[in-house]
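The values are calculated or read from the model by the stated rules, or taken from the named source; none is laboratory data. No experiment lies behind these values; they were computed from the predicted model shown. Please note: Cβ atoms are built from the backbone with ideal geometry, for glycine as well, and neighbour counts cover all protein chains shown. Side chains included, ligands, DNA and RNA excluded: accessible areas come from the protein's heavy atoms. Shrake-Rupley method; radii C 1.70, N 1.55, O 1.52, S 1.80 Å.
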Amino acid sequence: MKAAGSPEVYLPAGMLLFLIVLPFLLPNPFYVHIVVMMAVFVVLGGAWNLIGGYGGQLSLGHAAFFGTGAYVSTLMVNAYGISPWITMWLGGLAALLLSLPVGIICFRLQGPYFAIATIGLAETLRLLVLHFRDITSGAQGLTVPFKGDAPWQLQFGSKIPYYYIALIMAVGVVLITRRMERARLGHYLVAIGQNQDAAEALGINSARAKARALALSAFVTGVAGVFYAQYTYVIHPDSVFGLGLSIQIALVAIVGGVGTTMGPVLGAVIMEFFIQSTQIIFAGQYPGLELMVYGGLLVAVILWRPRGVIPWFARLYQGLVAHLPAAGGARA
């Protein structure tokens with residue numbers, strides 16, 4: 001048990017306090033928007049990491065679950081006036097149910113089948129949304145009617161409440177990851193990721209373990225999709241089902257460090273910082289520039305940090321803790 005004055009206690013507490021007051025330190029709402037999107041991608045990268053990092057199953061179509069949550073929720077909100085606080089769970093459940101047949105079919109096979117299946121699933125859903133335009137409005141997309149400052153409808157007069165909701169979701173995903181990491185499922189996934197044949201020889205049902213991780217990942221991703229739809233007030237097939245989004249979700253975890261609790265957090269901050277910086281510097285003059293940024297970051301990580309940036313940050317954090325004094329003379 002660490003003493004309250006230990007750097008290992010007050011340093012994380014100070015970081016959390018900084019995150020709590022952060023929106024009030026930013027000069028304008030645009031910067032609040034950036035940190036909201038960072039938190040959203042912490043959730044998405046953390047959800048992807050459950051199956052892509054710990055399970056070792058490369059998903060290149062996670063936008064399928066994100067878009068499912070966004071569309072299911074928005075359709076229910078617009079058609080029946082149900083509160084998004086309720087449809088958030090329904091959107092996550094829809095994404096979870098969508099993941100079940102994918103897991104049942106793909107995880108009985110080894111190889112690139114899961115990656116191919118997820119790409120195909122996302123693209124199929126995108127085309128279906130475009131085709132059934134009477135329900136989904138096709139390429140025009142769906143909009144959420146603005147009702148002013150209506151907390152029960154997940155609508156607020158400023159971006160700050162959205163920031164706190166996104167922050168709670170991000171912290172929740174970190175806690176879920178840490179809980180799973182220490183649970184039996186986490187140990188099973190690590191064993192499967194290292195050597196599936198050896199894990200199965202020990203009696204681990206690899207297909208079931210990976211399917212459970214995918215279901216949890218899909219649910220969290222679907223919930224994030226619901227929040228995104230309510231935050232932006234508009235969704236389009238390409239924006240929520242597109243391959244670019246799926247790649248960005250995967251890169252968040254890969255850049256930060258797959259199979260780690262804090263990797264997606266670092267990856268989300270780095271990715272969103274670079275994307276927003278390029279958009280500000282070039283003022284949208286070069287469409288598709290963000291894809292070049294994705295590619296550049298991926299190449300850089302593969303060449304210089306194949307395990308992501310988390311080992312470097314871990315050493316930096318441990319060095320900082322070692323050099324900070326204990327508050328009030330407290331000892332660990």
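Annotations for the structure displayed:
- Lone qualifier among Leu130, Leu189, Leu216, Leu167 - being closer than 29 Å to Gly263 by Cα, assigned to a helix (DSSP H, G or I) and open to solvent by 30 Å² or more (accessible area, probe 1.4 Å): Leu216
- For beta carbons closer than 6 Å, sequence separation of 6+ or different chains, a first residue in region 105-124 that is over 15 Å from Ile247 (Cβ atoms) and a second that is aromatic (Phe, Trp, Tyr) and open to solvent by less than 60 Å² (accessible area, probe 1.4 Å), the qualifying pairs are Cys106/Phe114.
- Among the residues listed as Ala39, Ala94, the single one being at pLDDT 90 or above and either within 16 Å of the chain's Cα centre (by Cα) or charged (D, E, K, R) (or both): Ala39
- Selection count where residues are touching a Phe, Trp or Tyr at 6+ places or on another chain (Cβ under 6 Å) and open to solvent by 10 Å² or more (accessible area, probe 1.4 Å), scope region 54-112: 3
- Hey, Tyr71 in contact with a strand residue (DSSP E or B) (Cβ under 8 Å, 6 or more places away or on another chain) and aromatic (Phe, Trp, Tyr) or not: yes
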